[in-house]
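Everything on this sheet refers to the single structure shown next.
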Amino acid sequence: MKRLKNKKIIAFAFFYYLIFCLWILLFKMSLDLEAVGSVRLFNLIPFGLAGTFSTRMLIEDFIYNILAFIPFGIFIKSLRRDKSLKNNLLVGFLFSIFIEVSQYLLAVGVSDGTDLTANSLGALLGIFIYDLFSKKFSEKWVDKIIGEVLFPLGFLLSLLLIYYKI
């Protein structure tokens, strides 16, 4: 019964994370769509925008995207333990494609192959982190930490981000 409760908490935390990700990545932490801007650029070649933006900005963006998708990998592995690495990674890649296509359709950013690469790498790292900790401790313990420690901390951090960005 306790495992089912943890799964529900983790599923809710994952849903919150997805909504928060969409708000950050699509709406640039704004509640005003006009403030988001109107950029519609599509580039499928990873690192193909190297001459368009500064190298520092591209590296920072790459690292931020990796970091943003590590929780995705952790959540997806926790909720879909019985699925293969390839299957779980595919889910992360498809969510990333959804974000990039949405950015293009809504004209709210650059749809970029580099982002697909970084997001997928972040999801992969999250899956590996989950596997590493579940082997060292136990899946039950890792799920408990996700639901009872990491989600509340992430929630508080997101509230601080919302408070200081709006």
### Query
Based on the Cβ-Cβ distance of L153 and V101, what FRET efficiency does E = 1/(1 + (r/R0)^6) give at R0 = 35 Å, to the nearest 0.05?
0.65
### Summary
For V108, other-chain or 5+-apart residues with amide H closer than 5 Å (H placed, Pro excluded) are V39
### Query
Which percent of Cα pairs goes in each bin when the distances of segment 81-166 are cut into 5 angstrom slices starting at zero?
3, 13, 14, 15, 20, 19, 10, 5, 1
### About the Cα centre, charge dipole magnitude for segment 69-117 (Lys/Arg +1, Asp/Glu -1 at Cβ), debye
380 debye
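Rule-based calculations on the coordinates, nothing more; no lab input. In this text the structure is predicted, and so the values were computed from the model without any measurement. Positions of Cβ are backbone-derived with ideal geometry, glycine not excepted, and every protein chain shown enters the neighbour counts.
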